[in-house]
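To start, the structure itself, in structure tokens.
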Amino acid sequence: MKKQKNFIFRCSNCGHEEPKWLGRCPECGEWNVLIEAASPGSADVAAGVSRGRHVKTPRSYPLSSVDPQESVRISSGIAEFDRVLGGGIMKRAAILVGGEPGIGKSTLLLQTAAAARTQGRVLYISGEESAGQVRMRADRLGVMARGERGGDRIEICCTSVLEDIEIVLEAVRPVVIIVDSAQTLHTDAAGLTPGTVNQMKYCSWELISWVKEHDAVLFLVAHVTKDGAIAGPKTLEHMVDAVLYFEQNDADCRFLRAAKNRFGSVDEIGIFTMGEKGLATVEDPSLLFLVSREGELPSGVATAAVLEGSRALLVEIQALTAPVKGAVSRVFSDRVDQARVSRIAAILEKHLNLRLSDQDLYINVAGGIRIAEVGVDLAIAAALYSARTDIPLPVKTAIAGELSLAGEVRPLRRLAGRVKAGQSLGFETFIGPASDEANFELTAVKDVKSAIRTLFAPNSAARMTERN
């Protein structure tokens, strides 16, 4: 009988396994990365499968017998952070937080640690900074000054070795675990080189498994690529329960968005400003995205009422048209999808005979927020029409509506909330689709022609009188 081999060769870069050594990994194409390791069926692996945890006998049980309150939420102490997470931090959850260097990921999580320590001990694992650097940030944020012996329940461990981290976890048994960052985690079982795809998957999965078994919460800080996506394997985003992205505009305003959330909506957005005491929530976000002016508006400016999750915001849309400098017209828009702007321009050309094909189109959103909601369509159309004809829109007018390719203004959800948000900021006129909802004032329009006529007819007549 042929004796079974007790070892294989595993790629230290991608984790691919081969029964014999090869110079080049057939999966990732890297050279000299296959390393001898114990085979999955060997006695060595079987003895260490549980990695110190008790092996339980697998069993199934009725779904109806599961307590839906088994996992409860705890507050992060930051209202905007709780909003993005769906109402708070869910226990037994793994949350991946990504963003540009220096944007405030570590600051946000250290502030969260200060609030979460009332629920139990917090373990901050730093693989990039020393304990002294973390302490300096904690002093600046006031973490150590909150109550008597304020920071005693926040433990810090400066290591990136998985085995050392697991020893500390068993000793501390924290409620909240913060790992800064996932790219620094390392174990010899997944290869010799830190930061590889296999290292991130293996180490992250071990920590996620520990959290699920011990009723804790795991935060993983992640680096991002130059394109803004989280660096590393896409599998890492599938393993966690929530994926959050930190963004920044040209000023000190930060936006926190959820790309994935198993316990809440992905449409919510958190808005922060960075100050000396760390991240602070913005009380009235609409004031960040509106420009204060006296007198009439300049041409190409429209105010849109949009929804960001459960919150209605008023943002200023700025448009500019300029003669084409080349053979083909171009669209410049980094805050609104360029395809959306091109589609709206085509609708204006088709249904209003407004020539835009010989113009370069520039679209900007004041405040630097990215807008993906369909309710911004009609405001973009009004801003483009205003910029092309050099006729300003009436002041104190808010606009919302989705445009179909037939030029119709389609209904929107939560129209009453948009109108209420506009009225609270002093807007007197609201242009939008007809609605069955009551208790608010609305100038209803059914298509883009009637919308443009309603918005620009008074100013057009006045402009013609001035010219005559």
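Structural remarks
- The listed residue being at pLDDT below 85 and either under 14 Å from G102 (Cα atoms) or buried (at least 18 other Cβ atoms within 10 Å of the Cβ) (or both), out of G264, G270, G232, G278: G232
- Restricting the range 207-251 to residues that are within 16 Å of the chain's Cα centre (by Cα) and β-branched (V, I, T), the residue that is nearest to L110 (Cα to Cα): V221
- The set of residues in the range 359-398 being touching a residue at least 60 places away in the same chain (Cβ under 8 Å) and part of a loop (DSSP other than H, G, I, E, B) consists of A366, G367, G368, I369, R370, E373, D390, I391, P392, L393, P394, V395.
Conditions tested, residue by residue: (1) in the same structural domain as G99 (by TED's automatic domain parsing); (2) more than 23 Å from F246 (Cβ to Cβ); (3) of a type in the set (V, I, T); (4) part of a helix (DSSP H, G or I).
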| position | (1), (2), (3), (4) |
| --- | --- |
| D164 | yes, yes, no, yes |
| E170 | yes, yes, no, yes |
| T193 | yes, yes, yes, no |
| C203 | yes, no, no, yes |
| V211 | yes, no, yes, yes |
| V221 | yes, no, yes, no |
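- Within the range 194-206, tally of residues that are closer than 24 Å to L108 by Cβ and crowded, with 23+ Cβ neighbours inside 10 Å: 3
- The set of residues in the range 85-132 being part of a helix (DSSP H, G or I), over 27 Å from A229 (Cα atoms) and in contact with a strand residue (DSSP E or B) (Cβ under 8 Å, 6 or more places away or on another chain) consists of A114, A116, R117, Q119, A131.
- Residue check, V328 modelled with pLDDT under 95, assigned to a loop (DSSP other than H, G, I, E, B), surrounded by fewer than 19 Cβ atoms within 10 Å (Cβ to Cβ) and touching a strand residue (DSSP E or B) at 6+ places or on another chain (Cβ under 8 Å): no
- Residue in the range 402-412 that is in the same structural domain as T303 (by TED's automatic domain parsing), surrounded by 15 or more Cβ atoms within 10 Å (Cβ to Cβ), within 21 Å of S286 (Cβ to Cβ) and out of contact with any Pro (no Cβ under 7 Å at 6 or more places or on another chain) present: yes
- Residue selected from the range 56-74 under the condition hydrophobic (A, V, I, L, M, F, W, C) and more than 19 Å from S209 (Cα to Cα), by the criterion modelled with the lowest pLDDT: V66
- Check on L356, modelled with pLDDT of 90 or more and part of a loop (DSSP other than H, G, I, E, B): yes
- The condition (being under 18 Å from A398 (Cα atoms) and of a type outside the set (S, T, Y)) is satisfied by just one residue among G278, G326, G300: G300.
- E155 vs. criteria in contact with a Lys or Arg (Cβ under 9 Å, 6 or more places away or on another chain), assigned to a helix (DSSP H, G or I) and either surrounded by fewer than 17 Cβ atoms within 10 Å (Cβ to Cβ) or of a type outside the set (S, T, N, Q) (or both): no
- Flag if V341 is part of a strand (DSSP E or B) and touching a strand residue (DSSP E or B) at 6+ places or on another chain (Cβ under 9 Å): no
- Candidate set from the range 278-322 (those that are assigned to a strand (DSSP E or B) and small (G, A, S)); member that is farthest from R135 (Cα to Cα): A322
- No other residue among P433, P458, P394 is assigned by TED's automatic domain parsing to the domain that holds G300, closer than 24 Å to L354 by Cβ and at pLDDT below 90 apart from P458.
- Conditions (1) touching a residue at least 24 places away in the same chain (Cβ under 8 Å); (2) farther than 20 Å from F456 by Cα: number failed by G401: (2)
The values are calculated or read from the model by the stated rules, or taken from the named source; none is laboratory data. Quick caveat: nothing in here was measured; it's all calculated off a predicted structure. Every residue, glycine as well, gets a Cβ built from its backbone with ideal geometry; the counts of neighbours run over all protein chains shown.
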